[in-house]
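S.K.: Dropping a structure here in structure tokens format, bear with me for questions.
Values in this text are rule-based calculations from the coordinates and carry no lab data. Model, not experiment: these values are computed from the prediction. Every residue, glycine as well, gets a Cβ built from its backbone with ideal geometry; the counts of neighbours run over all protein chains shown.
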Amino acid sequence: MHASTHGAIGIAIITATYIITKSEKKTFIIGGILAFASHYVLDFIGEFPYRTIQEMLFIEFAVYLWSLVLMYFLGIKYLKFSVFGFFMANLMDYIDKKMYLSIFLPKEYPFTYYFHSKNQVLIPISYQKTIIAAIVSVILIGICFLILRNNKMRLKS
Ligand SMILES: [Zn+2]
């Protein structure tokens with residue numbers, strides 16, 4: 001899957017961990033480990049390459065920005081949660097794809113397989129489904145925002 005989908009799942013894991021544990025520390029430790037591990041599992045589902053680099057940058061940045069803006073309005077604590085969740089859920093790619101340099105400069109920065117296996121994809125998906133995955137990611141982040149907001153308001157009252 002693309003970074004936006006991994007990131008949305010990471011944010012969902014962090015959100016669930018915080019709702020369950022009610023502890024910031026546990027959210028960072030347990031949620032972080034689960035978000036990191038989720039990458040491997042999610043990579044069993046393939047991704048269809050975006051049609052152009054512009055399209056890739058637009059969709060990937062738009063989804064990330066959406067999470068930043070929403071969580072910023074909730075508060076710095078939640079912004080930290082979501083940035084951390086997004087980061088941990090993509091860390092395997094940051095390492096193996098050399099911060100994505102492997103995509104653009106494969107010769108200089110070759111792809112490694114520390115956290116990926118060759119032929120990892122068990123469920124290849126179409127271009128259309130890849131776009132749907134990005135839309136679902138946007139919705140998922142929105143749901144996390146609403147859950148965290150309700151939780152925050154309940155804590156106050
Ligand atoms: Zn990956």
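S.K.: So, R0 is 41 Å and r is the distance between the beta-carbons of ARG51 and ILE76; what FRET efficiency does that work out to, to 0.05? The partial results should precede the final answer.
M.R.: Details: r = 37 Å, r/R0 = 0.90.
Once rounded, the FRET efficiency stands at 0.65.
S.K.: While we're looking at this one, here's another question. If packing is taken as the mean number of other Cβ atoms within 10 Å per residue, what is the order of 22-29, 67-74, 80-87, 7-14, highest first?
M.R.: In descending order of packing, they fall as 7-14, 80-87, 67-74, 22-29.
S.K.: Further question: List GLU108, GLU47 from most exposed to least, where exposure is judged by having the fewest other Cβ atoms within 10 Å.
M.R.: GLU108, GLU47
S.K.: Oh, and also: Provide the net charge surrounding PHE73, with neighbours chosen by a C-beta distance below 15 Å and charges set as Lys +1, Arg +1, Asp -1, Glu -1.
M.R.: After counting each charged neighbour, the total is +4.
S.K.: For the range 19-31, in order, what is each residue's ³J(HN,Hα) by Karplus, 6.51 cos²θ - 1.76 cosθ + 1.60 with θ = phi - 60°, in whole Hz (x at glycine and Pro)?
M.R.: Whole-Hz 3J(HN,Hα) from phi for the range 19-31: 4, 6, 8, 6, 10, 5, 4, 5, 4, 5, 6, 5, x.
S.K.: In whole percent, what relative contact order does the chain give with Cα contacts below 8 Å and a gap of six or more residues?
M.R.: Once normalised by length, the contact order is 37 percent.
S.K.: May I pose another question? For the range 3-156, what number of Lys pairs, 8 or more residues apart or on separate chains, have alpha-carbon atoms under 22 Å from each other?
M.R.: Within the range 3-156, the lysine pair count is 21.
S.K.: How would you rank 135-141, 120-126, highest first, on the average number of other Cβ atoms within 10 Å across their residues?
M.R.: Packing proxy ranking, top to bottom: 135-141, 120-126.
S.K.: On to the next question. Take the chain, connect every pair of alpha-carbon atoms lying under 10 Å apart with a spring to form a Gaussian network, then pick out the residue of THR21, THR52, THR112 with the largest mean-square fluctuation.
M.R.: Ranking THR21, THR52, THR112 by mean-square fluctuation puts THR52 first.
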